[in-house]
Each structure stands twice: as structure tokens, then as C-alpha cells.
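Nothing in this text is a laboratory measurement; each read-out follows from the coordinates by a stated rule. On a predicted model such as this, the values are computed, not experimentally measured, just so you know. Cβ atoms come from the backbone with ideal geometry, glycine included; neighbour counts cover every protein chain shown.
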Amino acid sequence: MVDLLQAVLISMRLLLFGLTLGLTIISFQAYRKQPTERLQYAFIGFAFLSMGVGVTNLTTQLGVQGGIGRSLQYFQIAETVPFIVGFAMIYASLYR
């Protein structure tokens, strides 16, 4: 059964994955409208970030199922927060 810390960590990682996918879609749409090399690199970069976050989510899920220690859970939650804030800021800047 998933305890509260594990549920928070899973929720935060899913939010992070959603933000990265959203940024990837926005950058792809921008590249389709104006196919410049700069936008192509931005799209590819965001795509790789999304893949990295996806793999991190997978390893977190496996760790949760395997039972990880409380201190590691706190550390993983703390490391996810800056990513969420950073991607949210990028997301907001692209929509302005």
C-alpha cells in the first residue's frame, strides 16, 4: 500500500511529466509554424527532457513498489520541486 509520502512523490512526478510533455508539444507546434534550426533544437531538447523525466518516473514507481526509505523519499520529493517550478516558469513564458 502506498503511504502519504509515496503518494506525494508520485503526484509530483506525474505533474512534472505533464509539464515536460506540454512544453514538448508547444515547442513542436512552434517549429511547425516556423521551421527554423533554433526551434528544431528546442523541440529536440524538450523531447529528450520529457524522455528523461519519463524514465525517472518509471524508476520512482519501481522504487515505490520495492519499498524505499523515508529519507530517500524526502530527497526525491525535494529534487522534484525545482524541476516543477522551472518547467512551470518556462511553460508560462511560452504562453505569454
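Could you give the nm distance between label points at R38 and A7, where each point is 7 Å from its Cα heading toward the beta carbon?
Each label point lies 7 Å from its Cα, and together they span 4.6 nm.
Which value in nm describes the separation of the simple spin-label points at Y91 and T59, placed 7 Å from the Cα toward the beta carbon?
2.3
Once every Cα of the range 4-95 carries one equal point scatterer and solvent is ignored, give the base-10 log of I(q)/I(0) from the Debye formula at q = 0.10, 0.14, 0.15, 0.23 Å⁻¹, two decimals.
The calculated log intensity ratios at q = 0.10, 0.14, 0.15, 0.23 Å⁻¹ are -0.30, -0.54, -0.60, -1.08.
What does the charge add up to near L9, with Lys and Arg as +1, Asp and Glu as -1, over the other residues with Cβ less than 13 Å from its Cβ? Could the numbers behind the result be given before it?
Numbers: positive: R13, R70; negative: D3, E79.
Once positives and negatives cancel, what remains is 0.
Between Y74 and L21, what is 0.36 nm times their sequence separation minus the Cα-Cα distance? Round to one decimal in nm. Please list the in-between numbers first.
Details: separation 53, 0.36 × 53 = 19.08 nm, distance 2.49 nm.
Result for the pair: 16.6 nm of gain on full extension.
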